[in-house]
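Worksheet: the structure to be examined is printed underneath.
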Amino acid sequence: MDRPVRTKVKDLLHSEPGQKVLAKGWVRTKRGNKQVKFIALNDGSTVNNIQIVVNTELFDENLLSQITTGASIAVCGHLVASVGSGQAVEIQAEEIELYGTCDPVRYPIQKKDTSLEYLRTVAHMRLRTNTFGAVLRIRHAMAFAIHKFFNDKGFVYLNTPLITESDAEGAGDMFQVTTMDLANIPMHGGKVDFSKDFFGKKTSLTVSGQLEGELGATAVGEIYTFGPTFRAENSNTPRHLAEFWMIEPEMAFYDIQDDMDLAEEFVKYLVQYALDNCMDDLSFLNDKYDNGLIERLRSVLGIEFRRVTYTEGIEILEEAVRGGHQFEYPVHWGTDLQSEHERYLVETHFQRPVILTDFPKDIKAFYMKLNDDGKTVRGMDVLFPKIGEIIGGSEREASLEKLEGRIDELGMSRKNLEWYIDTRRYGTVPHSGFGLGFERLLLFVTGMSNIRDVIPFPRTPKNAEF
Ligand code: 4AD
Ligand code: MG
């Protein structure tokens, strides 16, 4: 068979008519009449299909009858200017090879039910839909852009351990890692004998690479991590995953202002990158799910994020309550803000992304730099429309005495943190960092409203399929 090399659909759609081409992919739809059939073929390279025009006289009836939604085929033919609307070019089929049939009755991805809720129940197949194709391509583009952003700035990509003994955030939401036989746990003096465990001590999956990231930053200056993170929070919300990906830059010689500047530049860069490189997918998602998506993406680019302290934020929220606004959760100085509060500040009050700073020390982790008031710490959260918190970060406590003071105050073990405290003991420097939740970013960029729909294989309480 004299066949040209395969061209991806994405490229075929922008190719000059006249040439002989080979396309391979999965059938999205087949329609037509006795004389001519139109097959919409998709190979995952783009949300758009290439139309295949089939003169039924040239092909075996049996073959054509097996070409149903979901079947996989190769098509060879001439690329011609399309007479129909909707596409510039189409393929006039000369040869068709059927790779795999697809039972039209049993195939779980049917046109008639593509609700996101339904698709979650057939999550192993949902990647084949236009929606998940778009999400996966955007997810990839964002991952690439993240590496590019930091590489262009000279940051070093640091791989921090997934198995660790430290609970960086101090929230205790850790998944334990053990090879001990749970039906027969070794005990010593009434307690679990972790010396018998694989690592000879109690270990867990990491909740953050930050503390190890600080070791890197105080060695090579500027690092970032980008990897999976695990939290056993029992929060079944559209914004929480038990396994999510986080990007954590950590920078020596950055104060909180530098930290906020970098965070703002970073998210704007990513949103701009998506607009520049993912427009087909964004347009599809905009039309299908959220007709304010592209507008909202553009809206965060042209403006400065509003920077306010936590205390100012609380005053605004209390004022709103006095004015009759009802929140589900109470709000007063000292409480952690809920997503409804964050969204009120962003969407209603300031109508732009907000960076909240200087939180009460009791609601933040031990490593944040203590302010002179002794009550607040130099943390910063970036809050986004529709999402709430997308980034959490801080300037770190650089003083050995103050850091040890906080560790003691919180009843944490200094002994387990000696390795971390050494960064303050030997050549300590002012330094800062933050963590961007990759899936939170993707919620914003894709306009999806449930975090389970921006990660291919979500892990949430009572759900760890595949
Ligand atoms: O605010 P967090 O807990 O901060 C840290 O982990 C710091 N160590 C970061 C740093 O300073 N290096 O988490 C950072 C971000 C949040 O803003 C949110 O976007 C995301 O991680 N995140 C989650 N995303 C999905 N599911 C969850 N359960 C998440 N928990 C946090
Ligand atoms: Mg946070």
* **Where a residue in the range 209-228 is more than 8 Å from E250 (Cα to Cα) and its partner, wherever it lies, is within 16 Å of ligand 2 (Cβ to nearest atom) and among the small types (G, A, S), with Cβ under 7 Å and at least six apart** => L211/A168; T225/G209; T225/G213; G227/G209
* Restricting attention to the range 201-208, does a residue exist that is within 16 Å of ligand 2 (Cβ to nearest atom) and either under 15 Å from F434 (Cα atoms) or modelled with pLDDT under 95 (or both)? -> yes
* Any residue in the range 316-323 that is within 16 Å of ligand 2 (Cβ to nearest atom), in a loop (DSSP other than H, G, I, E, B) and at pLDDT 95 or above? -> no
* Structure fact -> Filtering the range 447-466 down to residues that are at pLDDT 95 or above and among the acidic types (D, E) yields D453
* Mind listing whichever residues of the range 235-266 are within 11 Å of ligand 1 (Cβ to nearest atom) and assigned to a helix (DSSP H, G or I)? => D259, A263
* **Qualifying residue in the range 345-360 (condition: at pLDDT 95 or above, among the acidic types (D, E) and surrounded by 18 or more Cβ atoms within 10 Å (Cβ to Cβ))** => yes
* Kindly indicate whether any position in the range 242-255 is without any contact (Cβ under 8 Å) to a residue 40 or more places away in the chain and more than 14 Å from ligand 2 (Cβ to nearest atom). => no
* Quick check, is V331 outside any strand (DSSP E or B), without any contact (Cβ under 8 Å) to a residue 24 or more places away in the chain and buried (at least 17 other Cβ atoms within 10 Å of the Cβ)? -> yes
* **All positions within the range 180-207 that are within 30 Å of F366 (Cα to Cα), more than 16 Å from ligand 1 (Cβ to nearest atom) and β-branched (V, I, T)** => V192, T203
* Does G172 qualify as being within 16 Å of ligand 2 (Cβ to nearest atom), assigned to a helix (DSSP H, G or I) and either surrounded by 12 or more Cβ atoms within 10 Å (Cβ to Cβ) or over 20 Å from the mean Cα position of the chain (by Cα) (or both)? -> no
* Determine whether L275 is in a helix (DSSP H, G or I) and either within 16 Å of ligand 1 (Cβ to nearest atom) or surrounded by 16 or more Cβ atoms within 10 Å (Cβ to Cβ) (or both). => no
* **Candidate set from the range 411-428 (those that are without any contact (Cβ under 8 Å) to a residue 24 or more places away in the chain and not polar (S, T, N, Q)); member that is nearest to ligand 2 (Cβ to nearest atom)** => G411
* Structure fact -> Scanning the range 406-437 for residues that are surrounded by fewer than 23 Cβ atoms within 10 Å (Cβ to Cβ) and among the hydrophobic types (A, V, I, L, M, F, W, C) gives I407, L410, M412, L417, W419, I421, V429
* Asked: Can you spot a residue in the range 26-43 that is surrounded by fewer than 18 Cβ atoms within 10 Å (Cβ to Cβ) and acidic (D, E)?
  -> no
* Structure fact -> The one condition A217 fails out of (1) buried (at least 21 other Cβ atoms within 10 Å of the Cβ); (2) part of a loop (DSSP other than H, G, I, E, B); (3) among the hydrophobic types (A, V, I, L, M, F, W, C) is (2)
* Would you be able to tell me the number of residues in the range 67-101 that are closer than 15 Å to T29 by Cβ and outside any strand (DSSP E or B)? => 8
* Asked: If you check D408 against the conditions, is it away from ligand 1 (no atom under 14 Å from the Cβ), under 24 Å from E214 (Cα atoms) and in contact (Cβ under 8 Å) with a residue 12 or more places away in the chain?
  -> no
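The values are calculated or read from the model by the stated rules, or taken from the named source; none is laboratory data. Keep in mind that this is a model prediction, so the values were computed, not measured. For neighbour counting, all protein chains shown are included, and Cβ atoms are generated from backbone atoms with ideal geometry for every residue, glycine included.
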